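Down below is the structure, laid out as structure tokens.
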Amino acid sequence: MNSPLIADDILEQICDALAGPGWIEIPHFLDSATVLELQQLAQSRRDQFNRAGVGREAGHQIRSDIRGDSVLWVEDDDAAMRSANERMALLQQYLNRTLYLGLHELEWHFASYPVGAFYQRHLDQHREQDTRVVTVVQYLNPEWHADDGGQLRIYLDDGSHVDVTPYGGTLAVFMSNRFEHEVLPAKRERFSLTGWYRRRPV
């Protein structure tokens, strides 16, 4: 593919991981300038964020005991965001061509976790709906340290878990129907771009 947006070896690593263990953490997926640009974009639109809820449609509720983040669904109205969308479209094409996943679209949003906020253990697929196939998280936190907290904890098939620290530029990718996960509280506000590659409903 030879794209300047995602190196070929990174595409291969993601594909191999999803076909095998089902998840991968890639440090420095985004360079520091891109991380800062996307974080600043999110911060500039802070008044457009809404508290995230749980459940679907009529049952959608704000539950601070379950999750404490606020979200803003992304638009294609900014150069940084257009580049981010193009980058993820390339990954979608590669996964479809290599793993035949039938990915139709990416739905994703900015997520902001204030100090102390968390998201309890959950699965990204809704009950009786399998349209979410692959979860992607890009972290937008310059100069983050491990003791700042905010780790993504992924529960593995063998009952163990791994923690992904939200260092700026890190990408986490995993199969949406396979791994329960949670977001641990942080000592600083924590930003990410989070979403799901979806297939069309059957």
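We did not get these values from a lab; they are worked out from the coordinates using the rules stated. Just so we're clear, the structure is a prediction, and the values are computed from it rather than from any experiment. Methodologically, a virtual Cβ is constructed for each residue, glycine included, from the backbone with ideal geometry; neighbour enumeration extends over all protein chains shown.
See the values below:
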item	result
Average projected area [Cα convex hull, the chain], square nanometres	11.5 nm²
Most mobile listed residue (Pro21, Pro142, Pro114) in the chain, GNM with C-alpha springs under 10 Å	Pro21
Ellipsoid equivalent to region 63-165 - semi-axes via the Cα gyration tensor, in Å	24, 20, 15
For region 52-202, size of Cβ-based charge dipole, Lys and Arg +1, Asp and Glu -1, in debye	300 debye
Filtered trypsin sites (Lys or Arg not before Pro), region 100-198: DSSP coil and at most 16 other beta carbons within 10 Å	Arg127, Lys187, Arg188
Highest-MSF residue in the chain out of Ser112, Ser32, Ser70 [GNM, Cα springs under 10 Å]	Ser32
Among Val183, Val74, Val164, residue whose mean-square fluctuation peaks in a GNM of the chain (springs only between Cα atoms under 10 Å)	Val74
Within the chain, longest stretch clear of exposed GluC sites (Glu not before Pro) (DSSP loop, no more than 16 other Cβ within 10 Å)	1-74
Sum of side-chain charges, Val133 neighbourhood, beta-carbon under 14 Å (Lys, Arg +1; Asp, Glu -1)	+1
Cα centroid separation, region 112-132 to region 175-202 (Å)	6 Å
